[in-house]
Every structure is written in C-alpha cells, then in structure tokens.
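The values are calculated or read from the model by the stated rules, or taken from the named source; none is laboratory data. Values in this document were obtained by computation on a predicted structure and should not be read as measured data. As a convention, Cβ positions derive from the backbone with ideal geometry for all residues, glycine included, and neighbour counts pool all protein chains shown. Heavy atoms of the whole protein, side chains included, go into the accessibility calculation; ligands, DNA and RNA do not. Shrake-Rupley method; radii C 1.70, N 1.55, O 1.52, S 1.80 Å.
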Amino acid sequence: MIKSKGYAAKDSNSKLEYWEFERRELGANDVLIDILYSGICHSDIHQVRDEWGGTQYPIVPGHEIVGRISSVGTAVTKFKKGDLAGVGCMVASCGQCENCKSDQQQFCLEKKTVWTYNSKDVMHDHTFTFGGYSSNIVVDADFVLHIPPSLDIKKVAPLLCAGITTYSPLKRWNVKEGHRVGVLGLGGLGHMAVKIAVAMGAEVTMISHSPRKKADATLLGAQHFLNTNDPEDITGFLGYFDFIIDTVSVPHDYNIYLNLLKTRGVHICVGIPASPMEIDGRSIMGGNKILTASSIGGIQETQDMLNFCAQHNILPETEMIDIEYVNEAYQRVLDSDVKYRFVIDMTSIDG
C-alpha cells in the first residue's frame, strides 16, 4: 500500500484535521500523482457536513487536483514520470457502456462512475475513495488530464470543477459571437461562466441582486450588469437573452429569469437548490423556452476545456492558502468572503 497524508473529517460535526492513511497499490494502468494544489469547492463542504446524505467517514475531500506524476503503471503510455497532471470530479467508470464510450463517464449506465472522494471504488478494491486534500493520489490514467504548460499551475485546480461545469453547457449549446448570455450569480461558478462566455464571443451580462458586484463583473469581461432589485433594469432586459447560465444554488424565482429570455431561449441551471424548483408553466410555454440543467463534462471535454482556457489565457480568480487554514476557508466560503476560489498549497501539509 502507498502511504498518504491528508486532512479528514471524522464525522459531520468535526473540523478537518491531519490524518494518515493508505492508497491502493499502483495498477498497470494507474499513475501516482504527488499533489501540489487542491481547490476548495462548495460541494466539499456539503459532503463533509453530510448535507446531501450518504457521507462515509472519515472523509478526505477535494476533486480539483493538480500535481506531478511520480510513478506510472506498466501499461501507461499517455503519461510519464515528471508530467504535470490534473484530476477532476471522477477517477474511474466502466468504460464499456454507451455513455462512457461517448465521453459521458459521469453518467455511466452501469452505475460504475467512481467519484474522486466519498465514493465506493467498484472498479478496483471496493474501498471508499479519498480526495485531493492529501499528499498523493492513485488514479486510472484514463481519468488523468494533461495540464497545458502555458497555464499557471497555482490557479488551474478550480478549472477541474468550476471550469468544466460552466464550459460544458456553453459548448454544448454552441454559444458564439452574436449570442446574448446572462450569467446569474457571481461566485466560483459565475465568474468562470463570464470569462468563458466572453472568450466564446458572446455578449455577456452579469445578473445579480447586489450592485456592488458590478465593478467585478466588468473586470471579468461582462459588458452589461442587470440589478434584479431594480424593476427598471428587469424591464429593460425582458426577452433579451439567448441563454442564461444559472449558478445559484439557493431557492430563487425562476419565472423572473425565464421572462428575460428570447423566444426559444435557454435557461441552464448549473447550481441546483436543495428544495424543489417551482415553475409557472406559462413562463416556459410563452416563447417555447427551455429550462434545462448541466452537470460536469466527460474526460475528453474536460481536456478540451483546459486547452480552450490555455488558448484564451483563462484562469480562475484564486486565493492561495495553507492546509492548516482550511476550516477558516470553509467558513469564508459560506460567508461569500472569497474572490472567487480557494486553492490549497498541498505542499504545506509537510510544513
């Protein structure tokens, strides 16, 4: 077994604390990655606190991982020792079903998607996976990503969740020059949606209830700002957008935003509140509008996203922290006191 050091929560009420554990041995198609940086995603907090149910303890969170390969299995040809590598939200799937073969491993029809942490590894040893708040990780090479050399590796990690979560629907709906895109919510997901949509050539409007977000939205590239607390602003944008990327994960009135769409406009949810959505059917029927949602992307799409970000010099806005600060960082995420993602320097675990 391979020794690893990480930060884990022992139950839903405990803080993350130093913990030593073991990784599985390297298989023929595996790589061993020494982790350099790990992003903090709000979903880490949900799972650590068992807010979605099903958390297995101890839990080592983290699914935005950047590191350097220190060893490769005998059958690995796509990577070599010393390569920079990334790992996102999943680390294995069946590889044989229709979805896996069409780069939708996140929707494995055999229900064998193995998530990077808090997931039973049904493709290997049937133990629960431990994530990126740790010194190293063993991953099937087919789920490892090449990091383009032009990207600053200190900032890359959040692309592996926030980046692909926003890139995937924008790419799927072929957003391009001439389209008007509204981004609802300026946080970890929203700020990436603005940057990516602008790079695709769209006219981008930040939609927020907080006027203080306007200056940041402009710096990120948004051409317009819609204050949802201003009735005149809302009236001015009725029937305006081709697409709205909805990053909000707390209950909100979808009908307001559906009315901002053009005929056949598309409202795409990438943040899903825990409570059921309430929709007036007339908000969709009037104009043949589409309300849809999007999860992460597959492995090839995630690699395409990284390459796109390298081409357009897109990186998240980040704040670097040492691992000892992780519990304070969690509270700051909950307080919306970060612009816009925390990245943990995992070398600090040895400090």
First in region 22-41 and under 15 Å from V156 (Cβ atoms), second anywhere and among the aromatic types (F, W, Y) and in a strand (DSSP E or B), Cβ under 9 Å, 6 or more apart: G39/F342; I40/F342
Scan of region 26-43 for residues that are of a type in the set (A, V, I, L, M, F, W, C) and either out of contact with any strand residue (DSSP E or B) (no Cβ under 9 Å at 6 or more places or on another chain) or not in a loop (DSSP other than H, G, I, E, B) (or both), ordered by number: A28, V31, L32, I33, I35, L36
Helices (runs of 4 or more DSSP H) within region 149-209 that include 3 or more residues within 14 Å of G221 (Cα to Cα) and either touching a Phe, Trp or Tyr at 6+ places or on another chain (Cβ under 7 Å) or charged (D, E, K, R) (or both): 188-199
Total residues in region 37-83, condition within 21 Å of the chain's Cα centre (by Cα) and open to solvent by less than 40 Å² (accessible area, probe 1.4 Å): 20
Single residue of N99, N118 found to be among the polar types (S, T, N, Q), surrounded by 15 or more Cβ atoms within 10 Å (Cβ to Cβ) and assigned to a loop (DSSP other than H, G, I, E, B): N118
Members of region 44-73 found to be touching a residue at least 60 places away in the same chain (Cβ under 8 Å), in contact with a strand residue (DSSP E or B) (Cβ under 6 Å, 6 or more places away or on another chain), of a type outside the set (A, V, I, L, M, F, W, C) and not in a loop (DSSP other than H, G, I, E, B), listed by number: G67, S70
